[in-house]
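The values are calculated or read from the model by the stated rules, or taken from the named source; none is laboratory data. This one's a predicted model, so the numbers in the text were calculated from it and none came from an experiment. Here the Cβ positions follow ideal geometry from the backbone for every residue, glycine too, while neighbour counts run over all protein chains shown.
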Amino acid sequence: MDNSLEKSTILIVDDEKINLDLISILLSNRGFGTLIASSAEEGLALIEREKPELAIIDYMMPGMDGFVALKEVRRRFPDTYVIMFTGKGSEEIAVELMKAGASDYILKPFVNKDLLDRVRKVLTIRKVELENRDLLQERENLLREIALWNRELDRRVKEKSEELKRAQAEIIQSEKLSSLAFFSAGMAHEIRNPLNSISLFVQLIESGLEDPEKIEYSEKIFKEIARIDRILRNLLDSVKRPRFELKEVRIDQVINNTLDFLKSLIEMHKVEVKRDFRRIPPAIQADPLEVEQLFSNLFVNAIDEMHNGGTLKVFLDHDNKNIQINISDTGKGIPLENLDKIFDPFFTTKKIGTGLGLSVVFRIIKTYNGNIKVSNEHGKGALFCVSLPLSDSNPL
Ligand SMILES: Nc1ncnc2c1ncn2[C@@H]1O[C@H](COP(=O)(O)OP(=O)(O)OP(=O)(O)O)[C@@H](O)[C@H]1O
Ligand SMILES: [Mg+2]
């Protein structure tokens, strides 16, 4: 038996004084606190003031009857449980009372032990139910608190992601600046050679030469100037747009646009283009002009290698993480000793090349967390395999 139940306060509402006294004595003898009221109105006022755990209410009372009182208690004071007294032979009424929210009923005249048993039983049920309710309430509070924390966490994650994006943009910006410095140093080196030649030719012309020789040296001077001009133009191309312009970019469309743009060069070299687009990848977030430049540089290199016709193959596919683009040609391929040099700025094997094309390609691919691999196709030509991550893992 739960001893804490005896600390409960019980209100008895009955218009018969003898009943009030009897029950009151019976309950206080067992340690319960008791309150008495001789009418329903008085009882309700007491409940409001004293908040007893239990009310035992007589069904038959003048004024407000027990049934109305029961409903009032259940409505206004749900923590006060109710046991009803009914006269013998009114079992149907008892059923109605239970439906209206009574926890139990006792038939008059009652047996002391029976009354005590029922009081204890209802108080036990009340205790369990209220504890349950408190637990549910606590659970609800916890869930609400968790939801609040989740929202706060979401907000912080968003805030941090924004910060990260800004920091990343700054890193990319500063990487571009440092690559600019790197390019500038290389460029100074590259330009010094043609400048030396120019100054040599000018000195030769000044030393008094025959006209045909003058013409020959003037032409050489123009050639060197043209070379400097090309270097500068390429360099400007690679750094002139320091700010990203991010858009939804469809790689298949960029490839098609770039090939269209190079149409006359392709025709001039009698190159046949074969597209093998297996699956069209979803759009990625990228700077469209940068991606176009990446493909343009690779295509031009391939076309450059095929002087008397050949095939330029473009393979496109993707899985759920990466887009794969393979570009191959039927040129003479890349000598093994050059394979690890071709991405270096200013490395070129061409008379009029600047050697910046592939270094720009490399930088762009790195910006998008992608990678590029190069190999020779069984001595037939070069194969460049580019992989770019799908948007989740894009840098910005
Ligand atoms: N498809 C290819 N087949 C054979 N060699 C290649 C191919 N692509 C690049 N290369 C080699 O890599 C070198 C570097 O290429 P990159 O594009 O960086 O400069 P470039 O083409 O020489 O000069 P520019 O791009 O200014 O015209 C080339 O000079 C060439 O030797
Ligand atoms: Mg090139």
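A few remarks follow.
- Applying the criterion of being in contact with a helix residue (DSSP H, G or I) (Cβ under 7 Å, 6 or more places away or on another chain) and assigned to a strand (DSSP E or B) to the residues of the range 263-306, the residue that is farthest from Ile364 (Cα to Cα) is Val271.
- Scanning the range 350-373 for residues that are within 13 Å of ligand 2 (Cβ to nearest atom) and under 40 Å from the mean Cα position of the chain (by Cα) turns up Leu356, Gly357, Leu358, Ser359, Val360, Val361, Phe362.
- Single match in Glu41, Glu96, Glu50, Glu91 (criterion: surrounded by fewer than 18 Cβ atoms within 10 Å (Cβ to Cβ) and touching a residue at least 40 places away in the same chain (Cβ under 8 Å)): Glu50
- Condition check for Gly309 on (1) in contact with a helix residue (DSSP H, G or I) (Cβ under 8 Å, 6 or more places away or on another chain); (2) on the phi > 0 side of the Ramachandran plot: one failure, at (1).
- Test: residue in the range 309-322 that is in contact with an Asp or Glu (Cβ under 9 Å, 6 or more places away or on another chain), at pLDDT 95 or above and not in a strand (DSSP E or B): no
- Complete set of residues in the range 366-386 that are surrounded by 19 or more Cβ atoms within 10 Å (Cβ to Cβ), closer than 18 Å to Glu292 by Cα and either in contact with a helix residue (DSSP H, G or I) (Cβ under 7 Å, 6 or more places away or on another chain) or modelled with pLDDT of 95 or more (or both): Thr367, Ile372, Phe384, Val386
- Residue within the range 338-348 that is surrounded by 20 or more Cβ atoms within 10 Å (Cβ to Cβ) and within 10 Å of ligand 2 (Cβ to nearest atom) present: yes
- Restricting the range 7-23 to residues that are over 14 Å from Asn112 (Cα atoms) and without any contact (Cβ under 8 Å) to a residue 40 or more places away in the chain leaves a set whose member that is nearest to the chain's Cα centre (by Cα) is Lys7.
- Residue in the range 87-96 that is more than 24 Å from Leu5 (Cα to Cα), hydrophobic (A, V, I, L, M, F, W, C) and in contact with a strand residue (DSSP E or B) (Cβ under 7 Å, 6 or more places away or on another chain) present: yes
- Any hit, the range 24-34, residues being under 18 Å from Val73 (Cβ atoms), among the charged types (D, E, K, R) and in contact (Cβ under 8 Å) with a residue 24 or more places away in the chain: no
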